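Visitor: Dropping the structure in here first, questions after.
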Amino acid sequence: IVTHWPSKYGGAGYTEGMRESVAEILKGRVKEIQTAAPAEKIIVMGDFNDPPESKALKVLTDSINQEGRESEWFLVNMAADYKGEVPGSYKYNGAWQMIDQILVSRTMVSGESGLFVNAESYRVFAPAFLLEQDEKYGGMKPLRTYAGYAYHGGYSDHLPVVLDLFGGR
C-alpha cells in the first residue's frame, strides 16, 4: 500500500485530525486483508507527514487493543528506531524529520516463511548527489527540484527510504 497523508500546511494541530482519519481508514483496510489472509505479507509506505511517534501513526502500530490485550493485526514501523547517518528523510527549518516511512505486517518481522525484514532492513538513502549545504541552518539538506517557484535543479525535498527484503526460511 502506497500512501501520501495530508500535509501540515495550515498548522500541525489544524490538520492532525485529517491524518488520524486516514490512519483509521488504512487500519480498516489492513484488518480486512489480515482477516481474509492472516499470513499475508503487507507493506505500507509513503509520506505520512508525521513522525513515527505521532498519534496518527500509533493508530497503526500500537500493539495493545482497547481491551488491554496484544492485538494480532498491528503493523511494525521500520522507521521508529532508525539511527542512521542522516537522522530523517525531510528537513524543515533546520530540523530533520522522519516523515517518510515503511510499515510492515508482523508476519514480515517474524520471518517464519517467505519475505522477511530485520531491524537493519530500513534506511534513508542519502548519497552526496542528493544533498546540498544548508546555508541557513548548517549541515546538509536534500537537494530539491524547486525552491519556491524557482527551478533549483535537484531531485526532491525528501530523501528516499529503502527497505531490504529477504526471502526464504
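The values are calculated or read from the model by the stated rules, or taken from the named source; none is laboratory data. Computed from a predicted model, the values in this text were never measured in an experiment. Please note: Cβ atoms are built from the backbone with ideal geometry, for glycine as well, and neighbour counts cover all protein chains shown. Accessible surface areas use protein heavy atoms only, side chains included; no ligands, DNA or RNA. Shrake-Rupley method; radii C 1.70, N 1.55, O 1.52, S 1.80 Å.
Visitor: Among (1) over 16 Å from MET45 (Cβ atoms); (2) open to solvent by less than 40 Å² (accessible area, probe 1.4 Å); (3) modelled with pLDDT under 95, where does GLN66 come up short?
Guide: Going through the list (1) over 16 Å from MET45 (Cβ atoms); (2) open to solvent by less than 40 Å² (accessible area, probe 1.4 Å); (3) modelled with pLDDT under 95, GLN66 breaks only (2).
Visitor: Could I ask something else about it? Which one is modelled with the lowest pLDDT, of the residues in the range 69-84 that are surrounded by fewer than 19 Cβ atoms within 10 Å (Cβ to Cβ) and out of contact with any helix residue (DSSP H, G or I) (no Cβ under 6 Å at 6 or more places or on another chain)?
Guide: ARG69
Visitor: Among the strands (runs of 3 or more DSSP E) contained in the range 61-169, which hold 1 or more residues that are without any contact (Cβ under 8 Å) to a residue 24 or more places away in the chain and of a type in the set (Phe, Trp, Tyr)?
Guide: On the way: elements: 75-77, 90-92, 95-97, 100-105, 122-124, 131-133, 140-142, 161-163.
Qualifying strands (runs of 3 or more DSSP E): 90-92, 95-97.
Visitor: Let me ask you something else. Pull out all pairs, ordered by first then second residue, where Cβ-Cβ is under 8 Å, the residues are six or more apart or on different chains, the first lies in the range 4-31 and is outside any helix (DSSP H, G or I), and the second is small (Gly, Ala, Ser) and open to solvent by 40 Å² or more (accessible area, probe 1.4 Å).
Guide: From the range 4-31, no pairs qualify.
Visitor: Kindly indicate the residue of the range 130-169 that is in contact with a Gly (Cβ under 6 Å, 6 or more places away or on another chain) and open to solvent by 80 Å² or more (accessible area, probe 1.4 Å) and also farthest from MET78 (Cα to Cα) among those meeting that condition. Full working, then the answer.
Guide: Let us first name the residues in the range 130-169 that are in contact with a Gly (Cβ under 6 Å, 6 or more places away or on another chain), namely 137, 143-145, 169.
Within this subset, residues satisfying the condition of being open to solvent by 80 Å² or more (accessible area, probe 1.4 Å) are 137, 144, 169.
Values: TYR137: 28, ARG144: 25, ARG169: 21 Å.
Checked the range 130-169; the qualifying residue farthest from MET78 (Cα to Cα) is TYR137.
Visitor: Further, regarding this structure: Under the condition of being touching a Phe, Trp or Tyr at 6+ places or on another chain (Cβ under 7 Å) and open to solvent by less than 50 Å² (accessible area, probe 1.4 Å), which residue from the range 91-112 is farthest from SER156 (Cα to Cα)?
Guide: MET108
Visitor: Looking only at the range 36-57, count how many residues are open to solvent by 70 Å² or more (accessible area, probe 1.4 Å) and free of Cβ contacts under 8 Å to residues at least 24 places away in the same chain.
Guide: Of the residues in the range 36-57, the ones open to solvent by 70 Å² or more (accessible area, probe 1.4 Å) are 36, 38-40, 45, 53, 55.
So of that shortlist, the ones also free of Cβ contacts under 8 Å to residues at least 24 places away in the same chain come out as 36.
Qualifying residue count for the region: 1.
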